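The structure appears right after this line, and notes come after that.
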Amino acid sequence: MLTEGRKRGGKQGTGLGVRSVRLTLGRLRTALNVAVRRQLVVRNVAAFVAIPRAAAKAAAEAQAERKPWTQEEVKAFLTGITGERSYAACLLSLMGLRPAEVCGLRWSDVDFEAGTIAAGNNTRTLVDGEIEEKEAKSAAGKRGLPMPATVTKALKAFHTLQKRERLKAGNAYVDSGYVLVNELGQPQRTDWLRRRVYELMAKVGVRKVRPYDARHACLTYLAGAGVPDVVLAAWAGHADGGTLAKRVYVHPDSSHLKVAAEHLESGLFG
């Protein structure tokens with residue numbers, strides 16, 4: 001699983017992350033425990049399987065080194081890309097949507113009147129060079145998120161731009177219904193989004209991070225702002241009530257620790 005867990009149709013696949021493998025092993029152990037109790041198998045062989053220590057250590061080190069943008073870096077990036085065609089897509093990422101959710105979002109998922117986005121209804125990913133579309137992995141992954149005013153304004157502007165492009169292109173325009181499309185209405189892929197975001201980072205001169213880390217930056221900020229765990233989990237599309245969402249996406253830094261010290265001084269010690 002760690003080396004070729006994404007194998008499909010007999011083709012060589014890329015490896016899965018340690019977290020994904022650990023979750024899979026946990027579910028397999030649970031299932032086999034039930035099988036042991038029902039005397040369907042003699043023992044739970046999954047109980048003796050462990051993540052290789054070297055792989056677990058490497059994953060932990062990579063996680064520790066991965067630091068999402070600070071609030072100041074987010075503001076610098078957004079200021080630098082105002083007016084760019086991908087501005088709305090970047091805002092959606094910084095709202096906490098996964099790249100696959102951004103690419104899979106359709107205009108039918110955007111309710112300007114209610115001011116909400118139906119995130120997770122459709123994801124669009126690239127697997128072995130082929131587009132794969134599907135719904136969210138869990139019911140919690142389908143979530144209605146209220147749009148901040150800046151996101152609403154950017155999406156309305158992008159929607160208007162697409163209408164002008166449709167008129168200009170005429171019959172050559174593809175009315176795909178997706179939010180993130182090119183000038184001819186063709187939906188973009190996650191690899192295109194990744195390359196474009198990196199180009200914009202270089203143009204603005206901000207620290208290069210993974211596009212997925214925009215989600216981390218969003219959830220870290222919300223956690224630092226005191227958003228309750230259960231709300232944080234709902235925003236992230238997790239069904240665990242917040243524990244997993246915090247462990248995976250929240251990256252406390254010195255600024256968060258300083259806030260904690262200020263709370264101690266004003267509340268506990270003051």
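The values are calculated or read from the model by the stated rules, or taken from the named source; none is laboratory data. Bear in mind that the values here come from a model prediction, so they are computed numbers and not experimental data. Note that each Cβ is placed from the backbone with ideal geometry, even for glycine, and that neighbours are counted across all protein chains shown.
List of remarks:
- Selected residue (criterion: nearest to LYS156 (Cα to Cα)) from residues of the stretch 37-58 that are part of a helix (DSSP H, G or I) and among the basic types (Lys, Arg): LYS57
- Qualifying residue in the stretch 99-109 (condition: of a type in the set (S, T, N, Q) and either outside the structural domain of LYS134 (by TED's automatic domain parsing) or crowded, with 21+ Cβ neighbours inside 10 Å (or both)): no
- Any pair with Cβ under 6 angstrom, 6 or more apart, that starts in the stretch 79-104 at a residue that is among the basic types (Lys, Arg) and ends at one that is modelled with pLDDT under 95 and assigned to a loop (DSSP other than H, G, I, E, B): none
- Condition check for ALA46: touching a helix residue (DSSP H, G or I) at 6+ places or on another chain (Cβ under 7 Å), crowded, with 16+ Cβ neighbours inside 10 Å and within 29 Å of GLU135 (Cα to Cα): no
- The set of residues from the stretch 19-42 being more than 28 Å from LYS57 (Cα to Cα) and either touching a Ser or Thr at 6+ places or on another chain (Cβ under 7 Å) or of a type in the set (Val, Ile, Thr) (or both) comprises VAL34, VAL36, VAL41, VAL42.
- From the options GLU61, GLU73, residue that is in a helix (DSSP H, G or I), exposed (fewer than 13 other Cβ atoms within 10 Å of the Cβ) and not basic (Lys, Arg): GLU61
- Test: ALA214 is modelled with pLDDT of 60 or more and within 15 Å of ALA89 (Cβ to Cβ): yes
- Residue selected from the stretch 79-127 under the condition part of a loop (DSSP other than H, G, I, E, B) and of a type in the set (Gly, Ala, Ser), by the criterion farthest from ARG194 (Cα to Cα): ALA114
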